[in-house]
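K.L.:
Below: one structure in C-alpha cells.
Please treat every number below as a calculation from the coordinates, not as lab data. Just so it is clear, the structure is predicted and the values come from calculations on it, not from any experiment.
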Amino acid sequence: PNDPGFEPTVLMQRVSMFVQECNGNGNYPSQRMIEDGVSGKAEYIREAIAHLVRRGHLQKGGSGRKITDHQMISPYIAPEDD
C-alpha cells in the first residue's frame, strides 16, 4: 500500500458503514473508536478515514461536536471489481 494511487476501498467501506451505524445511534466516533470497531490494521484504517474525509464522505467535528468526532456526510460504497 505504498503506491500513491492506492486507496483501501474495502476498509473505506467498512469505516463508512461503522460511522453510519454509530451516527444512527446518536454516536459520533473518534478515530480510536473507529480503529477499535473496524477490523483491519490501524494504520490502514487511519488511511481509509483520511481518504473518506478528503472525498467528502466523512466530516470531523462540525455542528458543535468535538474535532475528533466523525460524522457521515454520504455513505461510501467500494467499487465492484471487474
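K.L.:
Once phi is turned into ³J(HN,Hα) by the Karplus curve 6.51 cos²θ - 1.76 cosθ + 1.60 with θ = phi - 60°, what whole-Hz value does each residue of region 40-47 show in order, with x for glycine and proline?
P.N.:
Along region 40-47, the couplings run x, 6, 3, 4, 6, 5, 4, 5 Hz.
K.L.:
Let me check against my output: what whole-number percent is the relative contact order of the chain, with C-alpha pairs under 8 Å and at least 6 apart? The partial results should precede the final answer.
P.N.:
Numbers: 106 pairs, mean separation 30.3, N = 82.
With pairs under 8 Å counted, the relative contact order is 37 percent.
K.L.:
Using θ = phi - 60° and the Karplus form 6.51 cos²θ - 1.76 cosθ + 1.60, what ³J(HN,Hα) does each residue of region 27-33 get, whole Hz, x for Gly and Pro?
P.N.:
My calculation for region 27-33 gives 10, 10, x, 7, 4, 4, 5 Hz in order.
K.L.:
Relative to the longest principal axis of the C-alpha atoms of the chain, give the angle of the C-alpha long axis of helix 9-24, reported between 0 and 90° and rounded to the nearest 10°.
P.N.:
10 degrees
K.L.:
Could you tell me how many cubic angstrom of Cα convex hull volume region 1-78 has per residue? Walk me through the intermediate numbers first.
P.N.:
Numbers: hull volume 6.5 nm³, N = 78.
Dividing the Cα hull volume of region 1-78 by its residue count gives 84 Å³.
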